[in-house]
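First up is the structure itself, then whatever we jot down about it.
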There are 2 protein chains.
Amino acid sequence: MNAEIIAIGDEILIGQIVDTNSQWIAKELNKIGVSIRQVKAIQDTEKVIEEAITDALRTTVDIVILTGGLGPTKDDVTKQAICNCFGVEMHMDPDVFEANKRLLEPLNYEYTKVIQQQALVPSNAVALINKVGTAPGLWIAKGGQVIVALPGVPSEMKGLMLDKVLPKIQDSFVLPHIVHRTLMTYGMGESKVAARISDWEEALPSVIKLAYLPSFGALRLRLSAKSKDKQALEKLVELQIEKLRPLLSDIFIGFEEEGGIEASVAKLLIENKQTLATAESCTGGNIAATITSRPGASNYYKGSIIAYTAQVKMAELGVSEKLITEHSVVSCEVSEAMARGIQKKFKSDYAIATTGNAGPTVDLTDKTVGVVCIAIATPVGVYSEEFNFGQPREKVILKASAKAFEMLRKEILKKDEKLFVVS
Amino acid sequence: MNAEIIAIGDEILIGQIVDTNSQWIAKELNKIGVSIRQVKAIQDTEKVIEEAITDALRTTVDIVILTGGLGPTKDDVTKQAICNCFGVEMHMDPDVFEANKRLLEPLNYEYTKVIQQQALVPSNAVALINKVGTAPGLWIAKGGQVIVALPGVPSEMKGLMLDKVLPKIQDSFVLPHIVHRTLMTYGMGESKVAARISDWEEALPSVIKLAYLPSFGALRLRLSAKSKDKQALEKLVELQIEKLRPLLSDIFIGFEEEGGIEASVAKLLIENKQTLATAESCTGGNIAATITSRPGASNYYKGSIIAYTAQVKMAELGVSEKLITEHSVVSCEVSEAMARGIQKKFKSDYAIATTGNAGPTVDLTDKTVGVVCIAIATPVGVYSEEFNFGQPREKVILKASAKAFEMLRKEILKKDEKLFVVS
């Protein structure tokens with residue numbers, strides 16, 4: 001079972017937006033056993049869309065999913081391109097017409113001529129009613145292949161995929177089972193890890209594919225396999241993971257499918273019934289936003305003070321002016337004082353603090369752009385380290401955030417050992 | 001001048017990562033006058049890569065840019081696919097070999113056999129030395145067309161693009177000028193805006209293309225045009241913008257090329273020499289992270305308290321227990337108290353506060369999931385509003401953040417009027 005995803009819209013081709021729709025669709029299709037042959041982003045002209053559909057249908061692909069170009073404005077031409085492609089006309093779909101009328105009524109939105117035309121659909125298409133927008137999805141079956149067209153607005157596309165398209169695909173095709181398991185490691189480069197696991201990799205059954213995925217100090221190892229026999233497949237992959245785990249014991253931090261390093265930290269804190277607070281300067285709320293983007297954060301996270309000025313660091317976190325003058329605001333000493341300050345103030349068991357120059361210019365300190373000091377306060381002490389994350393600004397913020405989670409995780413795991421030393 | 005971008009890697013096709021590289025490359029190429037014909041993501045097997053290169057070269061495309069598959073591990077096969085494609089062998093490039101040796105020495109990184117092979121390049125390629133990684137870029141010229149292969153790690157790809165590839169493209173081709181201008185509007189739907197500007201749109205010269213780009217309560221209108229005559233082109237587009245602006249005066253908030261709504265707020269505050277602080281509950285630091293992701297935020301932004309618990313709201317923001325009991329923690333009253341609390345504490349001119357249920361579960365309040373109260377404290381008062389942003393959690397956080405910036409912007413612009421009323 002293979003699919004091709006085609007995103008329509010010049011905004012992708014000129015780099016104005018990142019095409020997150022295709023990634024989301026790929027992930028959802030994969031979960032139900034559909035492999036993605038390729039993902040394409042194309043121009044939004046009738047001719048280009050028509051060619052892309054024709055090219056895709058010429059391959060052995062089973063499903064073609066188009067997104068975008070279904071809006072009411074003149075730059076939206078996907079429906080016309082579909083008509084051209086199959087030599088059909090558009091007709092007014094009465095169910096869509098009524099559904100759109102009902103959708104707009106409570107919003108006091110006028111049902112204008114332009115919006116009424118949203119109910120025009122190619123005559124060979126089944127219209128899939130959109131609960132949150134006026135553009136219906138389209139499902140066209142032709143000689144064993146299926147073409148699906150969805151609006152480009154992510155919430156509308158997602159609603160239609162979950163409610164209509166995925167169930168229809170599961171009804172229409174016999175699907176295999178796909179397994180992906182991704183081991184996350186921290187603190188060792190790709191080639192060193194590859195050298196360490198080379199014997200294991202050589203002996204890997206050919207049905208399992210291994211990929212190395214490096215990013216921001218982390219390296220993910222993904223094992224992928226596909227089969228009709230779900231149980232045998234899962235057993236085979238688990239067996240290989242059992243063999244691999246001992247080779248990575250010092251750098252393995254969890255499975256990506258169970259969330260990233262922040263999920264691993266969240267799990268540990270919830271298990272230990274402990275809490276966390278953060279004090280951020282250069283990361284500017286990114287650590288807090290990462291933590292709170294996960295449901296259930298309120299079970300262990302107390303909050304943060306984003307101390308973007310020296311004044312706030314002193315007044316709110318109890319950092320002394322003397323410490324700042326002596327060591328500069330970007331220093332391990334200040335980061336430690338910030339971590340202890342927020343830990344005390346928010347009455348948390350653990351605390352993360354960051355201070356640094358994200359750049360591009362150096363403000364008020366003698367430290368180079370990219371230098372960040374990170375401190376972790378624990379129930380038994382405080383630990384800090386200075387890093388140089390280079391440039392650009394965005395990377396400094398992301399790397400510092402990832403490193404802070406990594407340091408915190410290590411300290412939480414050290415807990416028993418430390419308590420022993422102290423007592 | 002046309003290019004095709006091909007991203008190589010199963011991690012894109014299974015939806016494990018979003019392909020941000022292609023978006024960045026598209027944007028940079030566009031700036032120097034190269035249009036993107038299409039963007040593709042493909043599987044990382046030799047056969048598929050070879051076919052994708054061959055297919056692209058068969059079209060009228062001038063440049064093909066490949067990313068990914070240049071690492072040292074066994075799953076990286078782009079170089080071999082290029083050799084197959086052109087019937088050439090690999091040879092050891094002495095400059096790359098030496099550059100990689102110099103790169104690794106100060107890092108105390110062993111120059112293993114595996115890493116040495118990073119200097120093997122197809123014999124028809126010019127190797128482009130990578131300053132931050134061991135995988136060189138490759139530049140292959142063939143019959144008027146150029147194939148460029150770059151590593152998939154974003155920082156390495158970007159370094160090579162900026163230092164080597166973009167200058168080489170500018171040297172090798174005569175490039176036209178491309179203009180994109182994107183007007184950002186807030187608070188009116190796509191079809192209403194379309195109806196309002198339809199006369200203007202009908203009269204638009206055919207050389208200018210208009211696109212409607214809706215997202216999170218905002219609607220962007222993008223005008224695009226391409227020509228060899230830079231001055232005439234810019235004049236033509238500006239003339240159309242002058243005609244369009246008066247039609248949008250109540251909803252226009254700025255040009256996207258000058259940054260989003262947060263840039264518009266930053267500009268106003270810096271011009272007025274005023275400051276901002278934030279107190280976030282349900283947005284969990286996302287507003288702070290958005291503000292501080294822009295360089296120069298320290299010129300007007302004092303910081304934030306992320307008050308994720310009622311305890312922190314009371315202790316740090318001075319919200320009274322009575323207010324929380326009477327109105328619930330998710331209420332306009334509490335959001336106003338939070339905004340006044342942070343404004344006073346951080347001595348800022350303006351403050352934003354958010355409190356709500358991002359979901360998916362309702363914690364400790366009687367309010368529905370998706371309900372968010374946002375308050376703006378100004379030098380002369382405080383204003384709040386309750387919204388229902390629906391679900392999922394991610395959308396609630398993003399919509400609440402965008403709405404907070406929109407409300408703040410309105411209050412800043414009202415300033416003169418308000419001061420007048422008060423005095």
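The values are calculated or read from the model by the stated rules, or taken from the named source; none is laboratory data. Since the structure is predicted, the reported quantities are computational estimates derived from the model, not experimental observations. When we count neighbours, we look across all protein chains shown, and the Cβ atoms used for this are built from the backbone with ideal geometry, even at glycine.
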* **Flag if A:MET157 is touching a Leu at 6+ places or on another chain (Cβ under 8 Å), within 12 Å of another protein chain (Cβ to nearest Cβ) and of a type outside the set (Val, Ile, Thr)** => no
* All but one of (1) buried (at least 20 other Cβ atoms within 10 Å of the Cβ); (2) under 22 Å from the mean Cα position of the chain (by Cα); (3) part of a helix (DSSP H, G or I) hold for B:LEU162; which doesn't? -> (1)
* **One residue from A:ILE208, A:ILE147 being buried (at least 16 other Cβ atoms within 10 Å of the Cβ) and assigned by TED's automatic domain parsing to the domain that holds A:ILE25** => A:ILE147
* **Options B:GLU280, B:GLU256, B:GLU326; residue that is closer than 30 Å to B:TRP200 by Cβ and not hydrophobic (A, V, I, L, M, F, W, C)** => B:GLU256
* **Answer from B:VAL396, B:VAL380 - the residue that is out of contact with any Ser or Thr (no Cβ under 8 Å at 6 or more places or on another chain) and touching a residue at least 60 places away in the same chain (Cβ under 8 Å)** => B:VAL396
* Here are some conditions: (1) within 14 Å of chain A (Cβ to nearest Cβ); (2) within 15 Å of the chain's Cα centre (by Cα). B:ALA263 meets all but one. Which one does it not meet? -> (1)
* To do: Taking the residues in the stretch A:387-413 that are at the interface with chain B (Cβ under 9 Å from one of its Cβ atoms) and in a helix (DSSP H, G or I) as candidates, determine which candidate is surrounded by the fewest Cβ atoms within 10 Å (Cβ to Cβ).
  => A:GLU394
* If you check A:VAL132 against the conditions, is it on the phi < 0 side of the Ramachandran plot, within 12 Å of chain B (Cβ to nearest Cβ), touching a Gly at 6+ places or on another chain (Cβ under 8 Å) and free of Cβ contacts under 8 Å to residues at least 60 places away in the same chain? -> yes
* Asked: Somewhere in the stretch B:8-21, is a residue touching a residue at least 24 places away in the same chain (Cβ under 8 Å), charged (D, E, K, R) and either in contact with a helix residue (DSSP H, G or I) (Cβ under 8 Å, 6 or more places away or on another chain) or more than 7 Å from chain A (Cβ to nearest Cβ) (or both)?
  -> no
* To do: Tell me, yes or no, whether the stretch B:263-271 has at least one residue that is under 24 Å from B:LYS345 (Cα atoms), surrounded by 24 or more Cβ atoms within 10 Å (Cβ to Cβ), of a type outside the set (Ser, Thr, Tyr) and free of Cβ contacts under 8 Å to residues at least 12 places away in the same chain.
  => no
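Results for (1) at pLDDT 95 or above; (2) on the phi > 0 side of the Ramachandran plot; (3) in contact with a Lys or Arg (Cβ under 8 Å, 6 or more places away or on another chain); (4) in a strand (DSSP E or B), shown as yes or no for each residue.
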| residue | (1), (2), (3), (4) |
| --- | --- |
| B:THR325 | no, no, no, no |
| B:GLU333 | yes, no, no, no |
| B:ILE342 | yes, no, no, no |
| B:THR354 | yes, no, no, yes |
| B:VAL362 | no, no, no, no |
| B:ASP366 | no, no, no, no |
| B:CYS373 | yes, no, no, yes |
* Asked: Only one of (1) facing another protein chain (nearest Cβ under 10 Å); (2) within 20 Å of A:LYS40 (Cα to Cα); (3) under 30 Å from the mean Cα position of the chain (by Cα) fails for B:ASP55. Which number is that?
  -> (3)
* Of all residues in the stretch B:65-89 being closer than 27 Å to B:LEU162 by Cβ, surrounded by fewer than 23 Cβ atoms within 10 Å (Cβ to Cβ) and of a type in the set (Val, Ile, Thr), the one that is nearest to the other protein chains (Cβ to nearest Cβ) -> B:THR73
* Determine, yes or no, whether A:VAL148 is assigned to a strand (DSSP E or B) and either over 24 Å from the mean Cα position of the chain (by Cα) or in contact (Cβ under 8 Å) with a residue 12 or more places away in the chain (or both). => yes
* Please determine, by comparing only the residues of the stretch B:69-101 that are among the basic types (Lys, Arg) and under 33 Å from the mean Cα position of the chain (by Cα), which one is farthest from A:LEU210 (Cα to Cα). => B:LYS79
* Asked: How many residues are at the interface with chain A (Cβ under 7 Å from one of its Cβ atoms) and either surrounded by fewer than 24 Cβ atoms within 10 Å (Cβ to Cβ) or among the polar types (S, T, N, Q) (or both) when one looks only at the stretch B:272-292?
  -> 2
* Asked: In the stretch B:24-37, which residues are at the interface with chain A (Cβ under 7 Å from one of its Cβ atoms) and either over 22 Å from A:ALA56 (Cβ atoms) or surrounded by fewer than 22 Cβ atoms within 10 Å (Cβ to Cβ) (or both)?
  -> B:TRP24, B:LYS27, B:ASN30
* Structure fact -> When the stretch B:286-323 is checked residue by residue, the ones that are in a loop (DSSP other than H, G, I, E, B) and not aromatic (Phe, Trp, Tyr) are B:SER293, B:ARG294, B:PRO295, B:GLY296, B:THR309, B:GLY318, B:VAL319, B:SER320
* **Sole residue being over 32 Å from the mean Cα position of the chain (by Cα) and either crowded, with 24+ Cβ neighbours inside 10 Å or within 12 Å of chain B (Cβ to nearest Cβ) (or both), chosen from A:ALA358, A:ALA337, A:ALA351, A:ALA377** => A:ALA337
* Asked: Among the residues of the stretch B:60-109, which ones are in contact (Cβ under 8 Å) with a residue 12 or more places away in the chain and basic (Lys, Arg)?
  -> B:LYS79
